[in-house]
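The numbers here are math on the coordinates, done by the rules we state, and not lab data. These numbers come from a predicted model, not from an experiment. Positions of Cβ are generated from backbone atoms using ideal geometry, with glycine treated the same way; all protein chains shown enter the neighbour counts.
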Amino acid sequence: MTLSRPTPQPPESGLEIRDLSMSYVTLGQARPVLHGLSLSVKPGEVLALVGESGSGKTTTAQAILGLLPANARIDGGSVHLGQQSLLGLSDRAWMQLRGRRIGLIPQDPGSSLNPVRTVGAQLAEVFVVHGLETRWSVRERVLDALAEVGLPDPARHHDQYPHELSGGMRQRVLIAMALALRPELVIADEPTSALDATVQRHVLDMIDRLRAERGTAVLLVTHDLAMAGDRADRIAVLRNGRLEEQGCVTAVLAHPVSAYTRRLLSDIPSLAPARSPAILRERRRDAAVTVENLVQRFATRGRGTIQALDGVSFEVARGTTHAIVGESGSGKTTAMRAIVGLQRPASGRILVGGEEVTGLRGEDLRQFRRRVQLVYQNPFASLDPRQTVRAIVEEPLLNFDPVPRAERERAAAQVLERVALPDEVWDRRPVALSGGQRQRVAIARALVLKPEVLVLDEAVSALDVTVQAQILRLLDELQRDLGLTYLFVSHDLSVVRAIADSVSVLHRGRVVDDGPAHRVFAAPRSEHTRALIAAIPGGQPRSARTLEGATS
């Protein structure tokens, strides 16, 4: 007599994924994307699902939410929320589940809210769709939800549109929408990747407080292992659709079993050693960029003028990296635009290589831009989708001089090799490249004119931690080999600590701290700088909590 194995029963509450395998089918060919994935999240617990782009994080979240694309195929396994199977549900069943039992906090607050509807109207819809309120009785519930997530003056913000709120406020609105019906499970999909460090910390603190008060299970989807270490009880590491390892935070961070997890840990900027002061002394020569008393004002409708820059001054030694650091609205982008000649300051001077450039116009300004090149934050948006990699890199040579075709091709090939892009991708278009490859193309395009100064505008903030580390190593190598000077504009102090020789910290248009990077990080002068440093993820990984402690 053969004894059959008992069928495992789903848990009474929480999320349970067992042996989930999935494929995407294109032109009749199945491409596996998840391979026997098993994980669980208990009530009151935070599980961080960590991995690079393409690891399967998004597919896992979509499977839980019933939002898989039409070509997705479930090859095996199960997904349960308590006793409820989440696979094969009808659209009507999903309408009842989403919002009421499962909440989603999406990644980008800028694109996740309807720009033509007020904040209050969008939050009200959560209650009305589920039949809990009418459109005439819902206002008080909406105001209570906005107050619960710490939005100041909820009555005023209720009637505002998303563009009238800061990024942190918009993210709070999305959290209110996700938690309004007190769901059992919340999926937080890179919930703070678009936010400044201090705003990120406030938002994560709020999610953690609401989790503790309500006993909500939280699946934190992220590529940031440092943030996961700060915020999660347990970590599950995905790679190519397979679970590399999972366990409590302290065990995974202190004693990772997988070589892949060890590599992710080694690439975290906040855990990397700071730039040595000896490097700055070795590289210091004359000043490549000098900014003196820069002032910029902008007229606003009905509000007079805004002082975007108020007497900003700093100096960048040739061959070094100077970081301009600050939160949104600090003035760092305004300063960057003035330095590259995209806008004229109201007063003050900018000197590059000893030559004043603030008064340049016409052909003189055009030629100046050969000396100072800009690498943008989003490589996908900054590259022409119709051009090949080779054509993108050659284009600046056409814009300045009628360089013969053979010479253009030779120069483009040299710089593409310099940024370690293999020749098999040179005839591809940006859509066929990875994020890291696209950023290498953007750097190659800037280097082909042989500039003296590269201005890097949040140049690694959109990249996974491992790709980010690769680009930072590339920038350091290029700087050493070519003697380049970098202006690194960023809100991410963990990256700045790893790459910068000197720093200027901006707050409301003023320099509140500056000097050698090692001094600024070790002994910050301003309270604002201390708050920014305290908000760097990965500084104090918390130990695993017991379930009772998590929900108390």
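Taking chymotrypsin sites (Phe, Trp or Tyr not before Pro) across the stretch 72-160, the ones in a DSSP loop with at most 15 further Cβ atoms lying within 10 angstrom of their Cβ are Trp136. Projecting the Cα atoms of Gly319, Phe521, Leu146 onto the dipole axis of the chain, where Lys and Arg carry +1 and Asp and Glu carry -1 at the beta carbon, places Gly319 farthest toward the positive end. Listed by chain and number, the lysines placed with their C-alpha closer than 29 angstrom to that of Lys332 are Lys450; residues fewer than eight positions away on the same chain are left out. Since only Leu351, Gly168, His130 are under comparison, the one whose Cα sits farthest along the positive direction of the charge dipole of the chain, derived from C-beta charges on Lys, Arg, Asp and Glu, is Leu351. Return the percentage of antiparallel bridges among DSSP beta bridges fully within the stretch 277-534, rounded to the nearest 5 %. Percent antiparallel among DSSP bridges in the stretch 277-534 is about 55.
Peptides 199-205, 320-326, 42-48, 363-369 ranked from most to least packed by the mean count of surrounding Cβ atoms within 10 Å: 320-326, 42-48, 199-205, 363-369.
Counting charges near Glu190 (Lys, Arg +1; Asp, Glu -1) among other residues having Cβ under 11 Å from its Cβ returns a value of -3.
Placing dummy labels 7 Å off each Cα toward the beta-carbon, the span from Asp75 to Glu395 is 4.0 nm.
Only helices enter the 222 nm calculation for the chain: every DSSP H run of n ≥ 4 contributes -39,500 (n - 2.57), and dividing by all residues gives -11000 deg cm²/dmol, rounded to 500. Relative to the longest principal axis of the Cα atoms of the chain, helix 139-148 runs at roughly 70 degrees.
Bridges between two residues of the stretch 15-266, per DSSP, are antiparallel at a rate of about 55%. Shown here for the stretch 427-476: trypsin sites (Lys or Arg not before Pro) in loop regions (DSSP other than H, G, I, E, B) with at most 15 other Cβ atoms within 10 Å, namely Arg428. Between Gln414 and Ala523, the contour length at 0.36 nm per residue exceeds the alpha carbon distance by 35.0 nm. With both residues required to sit in the chain, DSSP beta bridges show an antiparallel share near 55%.
The label point for Ala147 and the one for Leu482, both projected 7 Å from the Cα toward the Cβ, are 5.7 nm apart. What you get for the chain, charging only the Cβ of Lys and Arg (+1) and of Asp and Glu (-1), is a dipole of about 320 debye around the Cα centre. Does anyone have the angle between helix 389-400 and the longest principal axis of the chain? Alpha-carbon axes, 0 to 90°, nearest 10? Helix 389-400 sits roughly 30 degrees off the main axis of the chain.
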